[in-house]
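Taking it in order: structure first as structure tokens, then the write-up.
The values are calculated or read from the model by the stated rules, or taken from the named source; none is laboratory data. Small disclaimer: the values here were computed from a predicted structure and weren't measured. Cβ sites come from the backbone with ideal geometry, for glycine too, and all protein chains shown count toward neighbours. Just the protein is used for accessible areas: all its heavy atoms, side chains included, with ligands, DNA and RNA removed. Shrake-Rupley method; radii C 1.70, N 1.55, O 1.52, S 1.80 Å.
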Amino acid sequence: MVEDVRIYGGWKDELGLKVVPSKKIGKDLYEVFIGPQHPGSGHMRITVRLDGDIIVEADPDIGYVHRTMEKLGEIRGWIKPIPLFERMAIHDACNITMPYVLAVEKLMGVEPPLRAKYLRSLLCEINRIGAHLYGFAIFGVFLGHSTMYMWAMGDREVFIELAEALTGARLTHSYPLPGGARRDIPADFPDMARRAVNYMRKRLKEYEKIFLNNPVIRSRLEGVGVISKGLAAELGIVGPNARASGIGYDVRIVEPYDAYPELDFEVPVFREGDALARTMVRVEEIKQSLRIIEQAVEWLEKNPREPIVDKYLYGKYPPLHKKIMESEGRAKLLPISAAMKVPKGRAIGRAETGRGETIYYVESDGGVNPYRVRIVTASARNAIAFKYVLPGHKIMDLPAIYGSLDYFPPESDR
Amino acid sequence: MPPKVAVKPLPKRGGLLAGVSDNLAALMIGIKYFLNPKRFSIYYPKEYPELRKGYRGFIILNKQKCISCAACARICPSAAMKMIRVPVPHPKEPEKTVMKQFPVINYQRCIFCGYCVDICPTEALYHVNYHDIVYENLAEMFWDLDTFQKEPEYPTAEEGIPVRLMIHEEYGLLKVPAREKQG
Amino acid sequence: MLQAPSRDYSSVLGLALEKAKNALSSKGIVFSVEEGKGFYDIIVEREYLVAGATALKEAGFDHVVSLTVTDYPKEKKFRLVYHLTSYLDYEIAGAIIGLGVEVPRSDRPSVPSLTQVWRSAEFQEREVYEFFGIEFEGHPDLRPLLLTPPVAELRPLRKDFVVREENIYEGVPKSG
Amino acid sequence: MQEGKAYVGNLDVTAKRARDILLGKVPLDKVVDWATSFSLWPVHLTTSCCSTEFAATFSPRVDGEQFGALPWVGPRQTNLIIIEGTVTKKMACAVRLTWEQMPAPKFAIAMGACALDGGLFYNSYNIVKPWQVIPIDIYLPGCPPRPETLARAIVTLQRKIRSKKVASTWVREGWRGDIEPVIPKEDLCGWAAKSI
């Protein structure tokens, strides 16, 4: 029996995998189908079996957005899968494609220039803030707190404007390339970014007052959906959800990529493991992301512009392409990119996306297509939490737990 | 400086009167924004946002620059861009015609990733900076070679005035007119 | 708990490999090691799979990151690798080690399920079951996870299920 | 239907007669069209990742409620369905069921490349094109379309309803004149029966 785990009508075993009811469960359990058309995020279904209003069994039925990314990744060459994989989490676009790009870079043995690394990290952090704010907005809807939805969605637009200025698209940036990035920052970007950072810092204090410290919200989140450290490790929960349970695991520390080794930031960890801690981790992460954006922008402003693609590729650029790179900061692709070949081998690329660690296993047989792309996203690994965390809670705690796990079905279903 | 893990405590609730003071704080924020609202809603279609120059909107072909290399069609991730063969006058003997291939685009599939624009060796393709055009049937969305060379009609521009959203330290986003009023 | 300063990944990976090797050889398990970029795969025989998994779990590899299956129709086999890492063991945290087995390709291939060892493999085994048709003996709840039953019968990730890409001249309307 | 002998009379016949009398008057037609066009409530069915932009449309930036559109939970209170991106084979069943639950007159907007011709997933084995499932009024290009594009779609749909008198024709004749009804060729929910 675990201490501090609020469970109605029974207790959980040591790890929390199994609910032991205190009384015999009645024969007539209610079976409630939640989704796929429901007020929350929508594109998934949870089948819960209820004894009274206590969840006895939960069965996540996912796959409503399974769009066959792994199969299509095998037939589209090496560059084209980047926009394809981006569709898994379009508000976290740079983060979700980074691991694939890193894996291909490992196979090809190319290293992007430092400026490109900083640019990619900058966009990744902008995306991370966007993803967390989107999570807050949806969480607000779940809890019936529509102010939070409006605020988070409104403030997310600030960071979308930033990303749009950098890449030319609101959400689907298709920004990183193996060995580089696609656009350099426009001249007015550093000022915009600084204003956005200052604004968001002020705003987070107000979020605390209206949402996080709001007694109504706190009483719905505190002690609800507790995932202990052992359970998180057993289920393989990732990202902010694991960090809320006291696991200090972040790919940016474990296997630093891009410009992260040179940036100064912290990885916030909470020990409580409940829904409130999971929410607070995201707030703290936004603060760290703001710090990273400041540093990256300062670096990009201070250092002279250089080509943002790999040296080998830049060496092959015709004069027109070089001129465009200098004047517009736009990296052109070369026709060879459409049919490029990658040396034989197996590589794992991983990155810390907004919702946690995403892993791409890329296998090449030396041809024009990847032989196998295996994608395990953060939401896919978190999906199992529904099955083991929900039982023992009241049905009204389901939205709070669902929202605090920040589960995004398209990312999970691939 | 290497990144590090920092264990943080949850924010404390304020003392004995937590329910009262936290509720009051939330209410005060509400009142503050009721009295001093920060609105940036765009009253579409009377106003529309004018997007930045580098925005990846509809893709247009400049036929004169096209060298028929088909790189754009090959890089297109969703196979929206296709090559068609059309007769063009022979460069040296004007009475003869030769078959040359040009790209056409299917906006039913285009995902506006901009790879075709970036791969084009002669900059024959370019983006326009608007994106809000809708269609009532699918056939219109397949652009033939003639349509592909013209920038599409932009009904929003005729109906509304352009605005711009500026990032502001105090307001987050601030709506300002994109152009000076004439006269 | 990970603490500063951040460590060099390749040295952690080397340490993890040593630890995994020791754990397996102390149980008398025969294995071969294959190197990938950023990870190592340890391939064992089918009868050693559960014993090897238990040994690795005791050595600190506490969860499955990815259950990676690749189909090799020419060699008539599936290569099934549980990519593992650790959260709780600070020394090897984050290093990816694969525990793999080669399964002969047939209509109803099967391997022992490792869900009892690693709970985090449960959903990924269900996924592999629907995409490749590999059955996991002893899995508590082997149903399709993502696909509908008619689509799952296609076994879509096997190499003999072919999805075709349109070429650059195809699909232009006649009038266009 | 047989004439009943109950004192209240036959409700169906009464309702039909009342409808004929009310809609026979010309201004009422216009009122029906006007009222429908300014109360297009989209049902909250998110099929795919365009839902992020759907949410952005009803966020402060574009403020979808200025068009009289308010996303609503229960399909019984809504008359607009916005297909937000890809419809997979598993989701197609839910889309059709939701569409059938909505009261007439009802409209559909297909949002994003995936909802038109599959977009990036045109050759995927697990997708259905939404125009094979329900009749679509407006198509939006883009992946995802901007929130302004969705706002333009709502405005265009409102104008279409008013200019073509879609809603009043629908109420009068039981179906609209301009679009053929769609009956899915394959059994969309066949798999559900199997899994149970």
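Check off (1) surrounded by 20 or more Cβ atoms within 10 Å (Cβ to Cβ); (2) under 14 Å from the mean Cα position of the chain (by Cα); (3) more than 8 Å from every other protein chain (Cβ to nearest Cβ); (4) under 25 Å from C:Lys159 (Cβ atoms) for C:Glu102 and give me the number that stays unchecked.
That leaves (1) as the condition not met.
Residues that are charged (D, E, K, R) and surrounded by fewer than 14 Cβ atoms within 10 Å (Cβ to Cβ): does region B:94-116 have at least one?
Yes, region B:94-116 has at least one match.
Scan region B:68-93 residue by residue and report those that are surrounded by fewer than 21 Cβ atoms within 10 Å (Cβ to Cβ), more than 10 Å from chain C (Cβ to nearest Cβ) and at negative phi.
B:Cys69, B:Val86, B:Pro87, B:Val88, B:Pro89, B:His90, B:Pro91, B:Lys92, B:Glu93
Going through region A:399-412 one residue at a time, which ones are buried (at least 22 other Cβ atoms within 10 Å of the Cβ) and on the phi < 0 side of the Ramachandran plot? Spell out the reasoning first.
Of all residues in region A:399-412, those buried (at least 22 other Cβ atoms within 10 Å of the Cβ) come to A:400-412.
Across region A:399-412, the qualifying residues are A:Ala400, A:Ile401, A:Tyr402, A:Gly403, A:Ser404, A:Leu405, A:Tyr407, A:Phe408, A:Pro409, A:Pro410, A:Glu411, A:Ser412.
Test A:Val267 against the criterion of being within 7 Å of another protein chain (Cβ to nearest Cβ) and among the β-branched types (Val, Ile, Thr), and give yes or no. Break it down stepwise before answering.
Details: within 7 Å of another protein chain (Cβ to nearest Cβ): yes; among the β-branched types (Val, Ile, Thr): yes.
Criteria met by A:Val267.
Only one of these is among the hydroxyl-bearing types (Ser, Thr, Tyr) and either more than 14 Å from chain D (Cβ to nearest Cβ) or buried (at least 20 other Cβ atoms within 10 Å of the Cβ) (or both): A:Thr172, A:Thr147. Name it. Reasoning before the result, please.
Details: A:Thr147 fails: either more than 14 Å from chain D (Cβ to nearest Cβ) or buried (at least 20 other Cβ atoms within 10 Å of the Cβ) (or both).
Step by step, each of A:Thr172, A:Thr147 is checked, and only A:Thr172 is among the hydroxyl-bearing types (Ser, Thr, Tyr) and either more than 14 Å from chain D (Cβ to nearest Cβ) or buried (at least 20 other Cβ atoms within 10 Å of the Cβ) (or both).
Does A:Arg252 satisfy being modelled with pLDDT of 90 or more, assigned to a helix (DSSP H, G or I) and within 21 Å of the chain's Cα centre (by Cα)?
Details: modelled with pLDDT of 90 or more: no; assigned to a helix (DSSP H, G or I): yes; within 21 Å of the chain's Cα centre (by Cα): yes.
No, not satisfied.
Out of region C:147-172, which residues are closer than 20 Å to D:Cys93 by Cα, within 7 Å of another protein chain (Cβ to nearest Cβ), open to solvent by less than 40 Å² (accessible area, probe 1.4 Å) and of a type in the set (A, V, I, L, M, F, W, C)?
Residues of region C:147-172 closer than 20 Å to D:Cys93 by Cα: C:147-154.
Checking the rest, the ones that are also within 7 Å of another protein chain (Cβ to nearest Cβ) come to C:147-151, C:154.
This time we only want the ones that are open to solvent by less than 40 Å² (accessible area, probe 1.4 Å), so: C:147-149, C:151.
Within region C:147-172, C:Leu147, C:Val151 meet the criteria.
Rundown of residues vs (1) in contact (Cβ under 8 Å) with a residue 60 or more places away in the chain; (2) assigned to a loop (DSSP other than H, G, I, E, B); (3) at positive phi, yes/no style:
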| site | (1), (2), (3) |
| --- | --- |
| C:Thr115 | no, yes, no |
| C:Ser120 | no, no, no |
| C:Phe131 | yes, no, no |
| C:Leu145 | no, yes, no |
| C:Val162 | no, yes, no |
| C:Glu165 | no, yes, no |
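If you go through region A:116-133 one residue at a time, do you hit one that is touching a residue at least 60 places away in the same chain (Cβ under 8 Å), open to solvent by 10 Å² or more (accessible area, probe 1.4 Å) and of a type in the set (A, V, I, L, M)?
For region A:116-133, residues touching a residue at least 60 places away in the same chain (Cβ under 8 Å), open to solvent by 10 Å² or more (accessible area, probe 1.4 Å) and of a type in the set (A, V, I, L, M): absent.
Going through region A:258-273 one residue at a time, which ones are outside any strand (DSSP E or B) and either on the phi > 0 side of the Ramachandran plot or open to solvent by less than 10 Å² (accessible area, probe 1.4 Å) (or both)?
Of region A:258-273, the ones outside any strand (DSSP E or B) are A:258-265, A:270-273.
Listed by number, the residues that qualify are A:Asp258, A:Ala259, A:Tyr260, A:Leu263, A:Phe265, A:Phe270, A:Gly273.
Quick one: A:Val254 ticks every box in (1) at the interface with chain C (Cβ under 9 Å from one of its Cβ atoms); (2) farther than 28 Å from A:Pro112 by Cα; (3) not acidic (Asp, Glu) except a single one, so which number is it?
Against the list (1) at the interface with chain C (Cβ under 9 Å from one of its Cβ atoms); (2) farther than 28 Å from A:Pro112 by Cα; (3) not acidic (Asp, Glu), A:Val254 comes up short only on (2).
For region B:45-57, name all the residues that are within 7 Å of another protein chain (Cβ to nearest Cβ) and open to solvent by 10 Å² or more (accessible area, probe 1.4 Å). Working first, answer last.
If we filter region B:45-57 for residues that are within 7 Å of another protein chain (Cβ to nearest Cβ), which is where we start, we get B:45, B:48-49, B:52, B:54-56.
Across region B:45-57, the qualifying residues are B:Pro45, B:Tyr48, B:Pro49, B:Arg52, B:Gly54, B:Tyr55.
Name the single residue that is modelled with the lowest pLDDT among those in region C:1-40 being open to solvent by 80 Å² or more (accessible area, probe 1.4 Å) and either closer than 22 Å to A:Leu107 by Cα or under 18 Å from the mean Cα position of the chain (by Cα) (or both).
Initially, region C:1-40 is screened for residues open to solvent by 80 Å² or more (accessible area, probe 1.4 Å), giving C:3, C:5, C:8, C:15, C:18, C:22, C:26-27, C:30, C:35, C:37.
Next, only the ones that are either closer than 22 Å to A:Leu107 by Cα or under 18 Å from the mean Cα position of the chain (by Cα) (or both) stay: C:8, C:35, C:37.
Values: C:Asp8: 80, C:Glu35: 88, C:Lys37: 87.
In this case the residue turns out to be C:Asp8.
Residue check, D:Met91 against (1) without any contact (Cβ under 8 Å) to a residue 60 or more places away in the chain; (2) within 11 Å of another protein chain (Cβ to nearest Cβ); (3) not in a helix (DSSP H, G or I), all met but one. Which one?
Every listed condition holds for D:Met91 apart from (3).
Name the residues in region B:129-178 that are open to solvent by less than 30 Å² (accessible area, probe 1.4 Å), outside any loop (DSSP other than H, G, I, E, B) and within 9 Å of chain D (Cβ to nearest Cβ), would you?
B:Tyr135, B:Met141, B:Thr156, B:Leu165, B:Leu173, listed by residue number.
Hey, any hits in region D:108-117 for a residue that's part of a loop (DSSP other than H, G, I, E, B) and not charged (D, E, K, R)? Give the derivation first.
Taking region D:108-117 as the starting set, the residues that turn out to be part of a loop (DSSP other than H, G, I, E, B) are D:112.
Filter once more, so that each one left must be not charged (D, E, K, R): D:112.
Yes, region D:108-117 contains at least one residue that is part of a loop (DSSP other than H, G, I, E, B) and not charged (D, E, K, R).
Can you tell me which residue in region C:133-143 is nearest to the other protein chains (Cβ to nearest Cβ), limited to those that are in a loop (DSSP other than H, G, I, E, B) and within 27 Å of C:Ala59 (Cβ to Cβ)? Can you show your working first?
Restricting attention to region C:133-143, the residues satisfying the condition of being in a loop (DSSP other than H, G, I, E, B) are C:133-134, C:138-143.
Then keep just the ones that are within 27 Å of C:Ala59 (Cβ to Cβ); that gives C:134, C:138-140.
Values: C:Ile134: 14, C:Gly138: 16, C:His139: 14, C:Pro140: 11 Å.
Residue satisfying both the conditions and the ranking: C:Pro140.
How many of the residues making up region A:385-414 are outside any helix (DSSP H, G or I), hydroxyl-bearing (Ser, Thr, Tyr) and over 20 Å from the mean Cα position of the chain (by Cα)? Quick ask: steps written out before the conclusion?
Start the filter on region A:385-414 by keeping residues that are outside any helix (DSSP H, G or I), which leaves A:390-394, A:406-408, A:414.
Now drop any that are not hydroxyl-bearing (Ser, Thr, Tyr), which leaves A:407.
When the remaining residues are screened for being over 20 Å from the mean Cα position of the chain (by Cα), the result is none.
The qualifying residues number 0.
For the list (1) modelled with pLDDT of 85 or more; (2) over 30 Å from the mean Cα position of the chain (by Cα), I need the number of the one condition that A:Glu301 fails.
Single failed check for A:Glu301: (2).
Only one of A:Ala351, A:Ala296, A:Ala338, A:Ala347 is part of a helix (DSSP H, G or I) and either free of Cβ contacts under 8 Å to residues at least 24 places away in the same chain or open to solvent by less than 10 Å² (accessible area, probe 1.4 Å) (or both). Can you tell me which? It would help to see each step written out before you state the result.
On the way: A:Ala351 fails: part of a helix (DSSP H, G or I); A:Ala338 fails: either free of Cβ contacts under 8 Å to residues at least 24 places away in the same chain or open to solvent by less than 10 Å² (accessible area, probe 1.4 Å) (or both); A:Ala347 fails: part of a helix (DSSP H, G or I).
Step by step, each of A:Ala351, A:Ala296, A:Ala338, A:Ala347 is checked, and only A:Ala296 is part of a helix (DSSP H, G or I) and either free of Cβ contacts under 8 Å to residues at least 24 places away in the same chain or open to solvent by less than 10 Å² (accessible area, probe 1.4 Å) (or both).
Conditions: (1) over 11 Å from the mean Cα position of the chain (by Cα); (2) modelled with pLDDT of 90 or more; (3) surrounded by 17 or more Cβ atoms within 10 Å (Cβ to Cβ). C:Gly60 meets all but one. Number of the miss?
Against the list (1) over 11 Å from the mean Cα position of the chain (by Cα); (2) modelled with pLDDT of 90 or more; (3) surrounded by 17 or more Cβ atoms within 10 Å (Cβ to Cβ), C:Gly60 comes up short only on (2).
Based on what the data block shows, is A:Val342 under 27 Å from A:Tyr314 (Cβ atoms), more than 10 Å from chain C (Cβ to nearest Cβ) and not charged (D, E, K, R)?
Working: under 27 Å from A:Tyr314 (Cβ atoms): yes; more than 10 Å from chain C (Cβ to nearest Cβ): yes; not charged (D, E, K, R): yes.
When the stated conditions are applied, A:Val342 passes them.
Report those strands (runs of 3 or more DSSP E) wholly inside region C:37-108 carrying at least 2 residues which are in contact with a Phe, Trp or Tyr (Cβ under 6 Å, 6 or more places away or on another chain) and farther than 22 Å from A:Glu357 by Cα.
Numbers: elements: C:39-44, C:63-72, C:77-85, C:97-104.
Fully inside region C:37-108 and qualifying: C:39-44.
Among all residue pairs at least 6 apart or on different chains, which show Cβ distances below 9 Å where the first residue, located in region D:134-158, is in contact (Cβ under 8 Å) with a residue 40 or more places away in the chain and under 16 Å from D:Trp41 (Cα atoms) and the second is among the hydroxyl-bearing types (Ser, Thr, Tyr) and assigned to a helix (DSSP H, G or I)?
D:Asp137/D:Thr156; D:Leu150/D:Thr57; D:Ala151/D:Thr57; D:Ile154/D:Thr57; D:Leu157/D:Ser37; D:Gln158/D:Thr36; D:Gln158/D:Ser37
Residues of region D:135-156 being within 10 Å of D:Gly112 (Cα to Cα) and part of a loop (DSSP other than H, G, I, E, B), which ones?
D:Pro141, D:Gly142, D:Cys143, D:Pro144, D:Pro145, D:Arg146
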